[in-house]
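Taking it in order: structure first as structure tokens, then the write-up.
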Amino acid sequence: MPRPRTRALAATLLALLATGCDDAPDAPASAETARSREKLGLMTSLPLYWPLGAGVEEIAAGGAPVPWQRRALEQAYEIEPLDSLAPIPGLTPDAAATDPLAGLTRLAVIQPRGLSPADNVALDAWVRGGGRLLLVLDPALTGEYDLPLGDPRRPADSALIPPVVARWGLAVRFDEAQDSKLVDAVIAGTYLPLVLAGEVAVTDPAAAACTLVAGGSAARCAVGKGQVTLIADAALFEHRELAGEGEIHLRRLVAEVLG
């Protein structure tokens, strides 16, 4: 899949913002302000927690700047970055495994590099046990990342759709011929900007109780005792100009979909 021309698109977004966001509906502030630093697990290939290209030494020394997305989320959540969703074996045969999802009730998986079979199993079990998941799978990122293709630090330009999505009766499709224009959508009563978004389809209505929202670019599903919100676009997490003043659209969306 060809990568979008992100430089031209960034200019287009800036031009469209003047007309595209002013009339967007906002969620009530109470859902956000009543929150008190609850834990939020975060798995992502995007530079949301650490800045793009930051080295281990810079991070360890505390010299790496904090991305704007992280600052926004940390107003309400204590973020726990995750590299795995499946239990991690102990270092010795008699050591107990470590469960990354233990103690978490909220999880954001945003444009992951790919989930292992064990990750898929663990995620499904965690959701069915009562977890609330925000899953963002963008078929074509529109942000600009100054790293060469193949660099392991570069975000996944096109999301790999994990098998657990099909297990929940969903699929993500992408129309490569669509216009690269800003589309205003609404999810959970709050504003969701979309740019080159994917299309979510319900392929098995019996697998979960799913409702398509945001013009078909997202779905909200009751899965067992838990809830999944799948969004087939990551523009809100890539472009600060789309997140609103004080990143209000991003903060409200996460607060509303994760409860």
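The values are calculated or read from the model by the stated rules, or taken from the named source; none is laboratory data. Computed from a predicted model, the values in this text were never measured in an experiment. Here Cβ is always computed from backbone atoms with ideal geometry, including for glycine, and neighbour counts include all displayed protein chains.
The residues on offer are Thr92, Thr142, and the sole one that is hydroxyl-bearing (Ser, Thr, Tyr) and more than 22 Å from Tyr49 (Cβ to Cβ) is Thr92. Please verify whether Ala27 is modelled with pLDDT of 85 or more, in contact with a helix residue (DSSP H, G or I) (Cβ under 9 Å, 6 or more places away or on another chain) and surrounded by 15 or more Cβ atoms within 10 Å (Cβ to Cβ), treating the condition exactly as stated. Criteria not met by Ala27. Listed conditions (1) modelled with pLDDT under 95; (2) surrounded by 15 or more Cβ atoms within 10 Å (Cβ to Cβ); (3) out of contact with any Asp or Glu (no Cβ under 7 Å at 6 or more places or on another chain) are all met by Ala188, apart from (3). Looking only at residues in the stretch 191-215 that are among the small types (Gly, Ala, Ser) and more than 21 Å from Ser45 (Cβ to Cβ), the one that is surrounded by the fewest Cβ atoms within 10 Å (Cβ to Cβ) is Ala206.
Residues in the stretch 204-243 that are in contact with a Cys (Cβ under 7 Å, 6 or more places away or on another chain), small (Gly, Ala, Ser) and touching a residue at least 24 places away in the same chain (Cβ under 8 Å): 2 in all. Here Pro100 meets the list (1) buried (at least 18 other Cβ atoms within 10 Å of the Cβ); (2) within 17 Å of the chain's Cα centre (by Cα); (3) in a loop (DSSP other than H, G, I, E, B) almost entirely, failing just condition (2). For the stretch 103-118, which positions are buried (at least 18 other Cβ atoms within 10 Å of the Cβ) and within 20 Å of Pro139 (Cβ to Cβ)? Answer for the stretch 103-118, where residues must be buried (at least 18 other Cβ atoms within 10 Å of the Cβ) and within 20 Å of Pro139 (Cβ to Cβ): Ala108, Val109, Ile110, Gln111, Pro112, Leu115.
Taking each residue of the stretch 87-111 that is within 30 Å of Ala232 (Cα to Cα) and looking for partners that are outside any strand (DSSP E or B) and aromatic (Phe, Trp, Tyr) with beta-carbon atoms closer than 6 Å, six or more apart or interchain, yields Leu101/Trp126; Ile110/Phe237.
Restricting Leu170, Leu194, Leu182, Leu212 to those that are closer than 21 Å to Leu115 by Cα, at pLDDT 95 or above and of a type outside the set (Lys, Arg) reduces the list to Leu170.
Quick one: would you say Ala122 is within 30 Å of Ile248 (Cα to Cα), small (Gly, Ala, Ser) and surrounded by fewer than 22 Cβ atoms within 10 Å (Cβ to Cβ)? The answer is no for Ala122. Filter the stretch 92-137 down to residues that are of a type outside the set (Gly, Ala, Ser) and more than 18 Å from Ala166 (Cβ to Cβ), then give me how many there are. The total comes to 16. Between Ala201, Ala218, Ala208, Ala234, the distinction of being in contact with a strand residue (DSSP E or B) (Cβ under 8 Å, 6 or more places away or on another chain), more than 16 Å from Pro139 (Cα to Cα) and not β-branched (Val, Ile, Thr) belongs to Ala208 only. Selection of the stretch 231-246 for residues being touching a helix residue (DSSP H, G or I) at 6+ places or on another chain (Cβ under 7 Å) and charged (D, E, K, R) yields Arg240, Glu241.
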